[in-house]
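S.K.: I'd like to ask you about the structure that follows.
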Amino acid sequence: MKKIQEWIEKHLVPVMNKITQNFWFGIVADAILYIVPFSMVSAIPSLWSILRRFVPVLPDISPLGTFSFGLIGLFVSFVIPYNCLNKIGKKDRAMIAGFTGIGTFMMCMNFVTTDEGSLVAMSKFGAGGMFTAMFVGLLVAVVYKAMFKFSFFGEDSVIPDFVKNWFDNIIAILLSLTAGYLLTYVIKIDVFTMVQLIMKPITSFAQSGPGVVLIVLLQNVFYFFGISGWVFTPVTRSITQAAIAENAAMMAAGMAPKNIYAYGFSRYHHIGGQGATMPLALFMLRAKSKKYRVLGKATLVPSIFNINEPLQYGAVVGNPFMLIPTVMIAIILPAFSYLWFVMGWGTINYVNFDMNFAPNAVSAFFMSGGDFRNVILVCINFVIAALIWYPFFKAADKAEVRKEEERAAAKAAKLGAAQA
């Protein structure tokens, strides 16, 4: 265990830290976090649509979702170049860079002209266009970053700053739009299709059984060594949100959803938070060691709402007793969940119920459109996680009791010596 930890800390942790501290990775990660509120807002019409099944007279509020979650691709194309310019200290150009991102993104949509006007699929504006939005946003960001030192005017120019800003942005705007123009209108490449083809190997693997298990395994193992699974969010959320958007479109077209690794799949294996630590919090309430009893009382309620960082860092991270159950849970729970849906025992998520802090069973119910079989899957996985955690927790608790007794004995001896 010690050798494994030393190897990971020496070789893997520096690599992960380097990735997370990378300028471009940080920009994309920030963009993903910026769009989370819009995704959460879309949960309201999703819940409303389920209620309308029982009360058909209620009004249709689906446009609230269409123009929030349904536009996150457009938002990302703005946020990436905007963030880039802010990070390099060119706030005066940031807003225009964001607008340029929107313009270039929409140019790449390849509008179809008809007698009624120009048409484009609405799905391109939302999660379905996420990867393309990232590609375009990064392209515009690179152009602006390369041009941020350029100015038509000297430092001693008497021209007002806002006028300088207009002219100094012209070349970056032209270069960005020209890139989109050349790809879409000259070379006649469908940028959306091109990006999908580039990402196909990754997205296809993520939708496979081994892919699902590998993703969760990496998240849990890195978390065990102190690196939160949030570092994977820019990749995983892009894949899962595009997947659930496609699932929703398939359901609307009368077809069954096919993308198992869609947004919310983690609700079936991260029960109580990453690593399925809810059973662990319950076991701690009856622990013999003082440390675990206190930790259990402090973390049980947060665990219900999938907040388990205090528990992870207080009892799991770096604890040799917890490595094996962490790995077992990362393999067994997602694999079983994937099999559950392959066998048709539940409904694959297709409702974007973006409420991370809702209890897992609640999320499973709503994201499946109200299928109680998905709730049963959460319950079964909870039991499996409990069976896996129990013997290892008992061993860890026993070891902690010994440590507490040794510390108490040492303290008593020191106090006795002081009194003598």
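The values are calculated or read from the model by the stated rules, or taken from the named source; none is laboratory data. Treat the numbers as computed from the prediction; the structure is a model and nothing was measured. So basically every Cβ, Gly included, is an ideal-geometry build from the backbone, and we count neighbours across all protein chains shown. All accessible areas refer to the heavy atoms of the entire protein, side chains included, with ligands and DNA or RNA removed. Shrake-Rupley method; radii C 1.70, N 1.55, O 1.52, S 1.80 Å.
S.K.: Any residue at all in segment 174-184 that is at pLDDT 90 or above, outside any helix (DSSP H, G or I) and β-branched (Val, Ile, Thr)?
M.R.: No, every residue in segment 174-184 fails to be at pLDDT 90 or above, outside any helix (DSSP H, G or I) and β-branched (Val, Ile, Thr).
S.K.: Another question, if that's okay. Can you tell me which residue is surrounded by the fewest Cβ atoms within 10 Å (Cβ to Cβ) among those in segment 85-113 that are more than 24 Å from MET194 (Cα to Cα) and touching a residue at least 60 places away in the same chain (Cβ under 8 Å)? It would help to see each step written out before you state the result.
M.R.: Taking segment 85-113 as the starting set, the residues that turn out to be more than 24 Å from MET194 (Cα to Cα) are 85-96.
Narrowing further to those that are touching a residue at least 60 places away in the same chain (Cβ under 8 Å): 85, 87-88, 92-93, 96.
On the way: LEU85: 23, LYS87: 16, ILE88: 16, ASP92: 14, ARG93: 22, ILE96: 20.
The residue in question is ASP92.
S.K.: Taking segment 42-82 as the search range and keeping residues that are among the small types (Gly, Ala, Ser) and in a helix (DSSP H, G or I), which one is surrounded by the fewest Cβ atoms within 10 Å (Cβ to Cβ)?
M.R.: Checked segment 42-82; the qualifying residue surrounded by the fewest Cβ atoms within 10 Å (Cβ to Cβ) is SER49.
The rows are residues; the columns are (1) modelled with pLDDT of 70 or more; (2) more than 34 Å from the chain's Cα centre (by Cα).
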| site | (1), (2) |
| --- | --- |
| ALA121 | yes, no |
| MET134 | yes, no |
| ALA141 | yes, no |
| VAL158 | no, yes |
| PHE167 | yes, yes |
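S.K.: Let me ask another. Taking PHE153, is it at pLDDT below 75 and part of a helix (DSSP H, G or I)?
M.R.: Against the criterion (at pLDDT below 75 and part of a helix (DSSP H, G or I)), PHE153 does not qualify.
S.K.: With the structure loaded, tell me whether MET109 is aliphatic (A, V, I, L, M) and outside any helix (DSSP H, G or I) or whether it fails that test.
M.R.: yes
S.K.: Do any residues in segment 323-342 that are free of Cβ contacts under 8 Å to residues at least 60 places away in the same chain have Cβ atoms under 6 Å from those of residues that are open to solvent by 30 Å² or more (accessible area, probe 1.4 Å) and in a helix (DSSP H, G or I), where the two are at least six apart or on different chains, and which pairs are they?
M.R.: none
S.K.: Check off (1) closer than 19 Å to ASN349 by Cβ; (2) open to solvent by 30 Å² or more (accessible area, probe 1.4 Å); (3) part of a helix (DSSP H, G or I) for LYS258 and give me the number that stays unchecked.
M.R.: Result: LYS258 passes all but (3).
S.K.: Quick one: which residue in VAL294, VAL342, VAL301, VAL351 is of a type outside the set (Lys, Arg) and touching a helix residue (DSSP H, G or I) at 6+ places or on another chain (Cβ under 7 Å)?
M.R.: VAL351
S.K.: Can you name every one of the helices (runs of 4 or more DSSP H) wholly within segment 264-377 that holds 1 or more residues which are open to solvent by 10 Å² or more (accessible area, probe 1.4 Å) and closer than 21 Å to ASN247 by Cα?
M.R.: By residue number, 323-342, 360-367.
S.K.: Which residues, counting only those in segment 355-366, are touching a helix residue (DSSP H, G or I) at 6+ places or on another chain (Cβ under 7 Å) and touching a residue at least 40 places away in the same chain (Cβ under 8 Å)?
M.R.: Answer for segment 355-366, where residues must be touching a helix residue (DSSP H, G or I) at 6+ places or on another chain (Cβ under 7 Å) and touching a residue at least 40 places away in the same chain (Cβ under 8 Å): MET355, PRO359, ASN360, SER363, ALA364, PHE366.
S.K.: Based on what the data block shows, is PHE125 among the hydrophobic types (A, V, I, L, M, F, W, C) and within 17 Å of LEU138 (Cα to Cα)? Break it down stepwise before answering.
M.R.: Working: among the hydrophobic types (A, V, I, L, M, F, W, C): yes; within 17 Å of LEU138 (Cα to Cα): yes.
Against the criterion (among the hydrophobic types (A, V, I, L, M, F, W, C) and within 17 Å of LEU138 (Cα to Cα)), PHE125 qualifies.
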